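The values are calculated or read from the model by the stated rules, or taken from the named source; none is laboratory data. Quantities reported herein were computed from a predicted structural model and do not represent experimental measurements. Quick reminder, even Gly has a Cβ in these numbers, built from the backbone with ideal geometry, and neighbours come from all protein chains shown. For accessibility, only protein heavy atoms count, side chains too; no ligands or nucleic acids. Shrake-Rupley method; radii C 1.70, N 1.55, O 1.52, S 1.80 Å.
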Amino acid sequence: MSPLTVIFDCDPGVDDGVALLLAFAARDALKVLGITTVAGNVSAKLTARNAGVLREIALREDVPIYAGCERPLKRSPIEAGHFHGESGLGDLPLFEPRHAVEAEHAVDWLIQTLLAAPARSIALVATGPLTNVATALLREPSITNAIREIAIMGGARSEGGNITASAEYNIYADPHAAQVVFATDVEIVAFGLDVTHQVRATPERIDTIARLGNPSAVATANLLTFATYLPANSPAAQGAPLHDPCPIAWLIEPALFEFRRCHIEVETESTLTAGHTAVEFRADVAPHQNVRWGVRANAAGIFDLLHRKLAQSGKA
Ligand code: BDR
Ligand code: CA
């Protein structure tokens with residue numbers, strides 16, 4: 001089968017970093033047209049720099065990076081450096097990437113690329129706040145024609161939130177953008193905390209990846225180890241949740257996940273529940289059922305996939 005064409009919007013971020021290394025390594029399955037970065041876990045300047053660092057580690061400088069929105073649509077920025085380290089990439093040894101990011105703004109590139117693409121030909125993956133995606137949709141609604149689906153890491157239902165009692169970080173960081181995206185007619189595949197919390201980077205799984213020994217595998221093990229030993233993810237033996245690699249893993253091997261179809265509205269006003277994702281499964285109550293909500297993940301299968309793809313990193 002020919003590789004699936006993908007655009008990857010992210011805010012690296014430790015787990016975005018692992019997702020990028022997976023996508024870069026999976027040349028046989030994914031044709032990554034470009035990476036767009038957004039302010040989120042750390043500032044827009046750092047997320048773009050971090051994408052450049054990972055691209056260079058993966059020897060994928062053929063993939064262009066476009067830096068995007070520096071602030072959420074309406075709310076003030078909420079970074080998550082306490083979780084991802086000051087640089088955004090934990091304690092990964094950093095360097096200034098050889099190649100700069102492209103001059104064009106991420107939103108301009110998204111619009112221009114999607115307008116030029118055939119109908120339903122591109123999978124858009126988003127693992128940060130949805131500011132770039134929403135801005136592109138607001139400016140040029142017809143870009144939806146080219147999108148096969150938007151695979152989002154974001155939201156929470158039965159697991160509760162990880163920022164407030166009911167809000168997950170990516171949605172909380174720009175709830176107005178998330179509401180714009182969920183309200184479109186595009187098919188959305190949502191990997192919220194209900195499913196990402198099932199996928200845990202245990203010390204044994206990290207060790208298996210580290211033993212591959214190539215630069216992408218070593219960097220992945222470093223990022224996952226940093227996340228595992230954060231106090232918030234204690235005890236380390238259970239492993240840190242592997243959020244952002246989930247949509248990438250799904251694009252490569254859809255059978256690793258199970259979903260329920262639903263409609264999602266995002267709370268944008270309340271101070272108590274801003275960023276809450278109201279997941280409505282009842283089609284008679286909410287007929288616009290454009291979202292598949294992740295309910296089950298095959299964690300062992302996902303780590304096996306990560307291991308297999310990282311093993312081929314660096315090979316043409
Ligand atoms: C999400 O929040 C970010 O901090 C992570 O990178 C991930 O995208 C998990 O809630
Ligand atoms: Ca992220």
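Please compute, over every Cα-Cα pair in region 169-316, the percentage with a separation greater than 25 angstrom. Result for the distance tail: 38 percent. Annotation for region 278-293 versus region 113-129: alpha-carbon center distance of 23 Å. For region 4-311, the solvent-accessible area of protein heavy atoms averages 38 Å² per residue (probe radius 1.4 Å; ligands and nucleic acids excluded). Whose amide H sits under 5 Å from the amide H of PHE259, counting only residues 5 or more places off or on another chain, with H placed in the peptide plane? For PHE259, the qualifying residues are VAL295.
Phi angles of region 83-95 translate, via the Karplus equation with coefficients 6.51, -1.76, 1.60 and θ = phi - 60°, into HN-Hα couplings of 9, 10, x, 4, 7, x, 10, x, 10, 4, x, 9, 8 Hz per residue; Gly and Pro are given as x.
Give me the dipole magnitude in Debye, nearest 20, for the chain about the Cα centre, with unit charges on the beta carbon: positive for Lys and Arg, negative for Asp and Glu.
Numbers: 25 positive and 35 negative charges, 117 e Å.
Dipole of the chain, to the nearest 20 debye: 560 debye.
Of the chymotrypsin sites (Phe, Trp or Tyr not before Pro) in region 213-259, not one is in a loop by DSSP (not H, G, I, E or B) with at most 11 other beta carbons within 10 Å. Mind listing which trypsin sites (Lys or Arg not before Pro) in region 206-310 are in a DSSP loop and have 15 or fewer other Cβ atoms within 10 Å? Sites meeting the loop and neighbour criteria: ARG211, ARG282.
On the accessible surface of the chain, probed at 1.4 Å, how many percent belong to carbon and sulfur atoms? Don't skip to the answer; put the middle values down first.
Working: 6600 of 12310 Å².
Ligands and nucleic acids excluded, carbon and sulfur reach 54 percent.
Identify the trypsin sites (Lys or Arg not before Pro) of region 45-108 meeting these criteria: DSSP loop state and at most 15 other C-beta atoms within 10 Å of the C-beta. Let's see the in-between values first.
On the way: sites: LYS45, ARG49, ARG55, ARG60, LYS74, ARG75, ARG98; in loops: ARG60, LYS74, ARG75, ARG98.
For trypsin sites (Lys or Arg not before Pro) across region 45-108 that sit outside H, G, I, E and B with at most 15 neighbouring Cβ atoms in 10 Å, the list reads LYS74, ARG98.
Running Debye on the chain with equal point scatterers at the Cα sites and no solvent, what base-10 log of I(q)/I(0) appears at q = 0.08 Å⁻¹? With no solvent term, the Cα-only Debye profile gives -0.30.
Set the Förster radius R0 to 25 Å, insert the Cβ-Cβ distance between ASP185 and GLN112 as r into 1/(1 + (r/R0)^6), and round the FRET efficiency to 0.05. Write out the running numbers ahead of the final one.
Numbers: r = 21 Å, r/R0 = 0.85.
It comes out at approximately 0.70.
The Rg/Rh ratio of region 1-44, with both radii computed over alpha carbons and Rh defined as the Kirkwood radius, is 1.03.
The sum of -39500 (n - 2.57) across all DSSP H runs of n ≥ 4, divided by the residue count of the chain, sets its helix-only mean residue ellipticity at 222 nm to -10000 deg cm²/dmol. The H on the amide N of THR5, modeled in the peptide plane, is under 5 Å from the matching H of LYS31, ALA123, each at least 5 residues off or on a different chain. Each Cα pair under 8 Å and six or more residues apart adds its sequence gap; the mean of these over the residue count of the chain is a relative contact order of 20 percent.
Remark: region 267-279, residue by residue, has Karplus-estimated 3J(HN,Hα) of 6, 10, 9, 4, 6, 6, 10, 3, x, 5, 9, 8, 9 Hz, where x stands for each Gly or Pro and the curve is 6.51 cos²θ - 1.76 cosθ + 1.60 at θ = phi - 60°.
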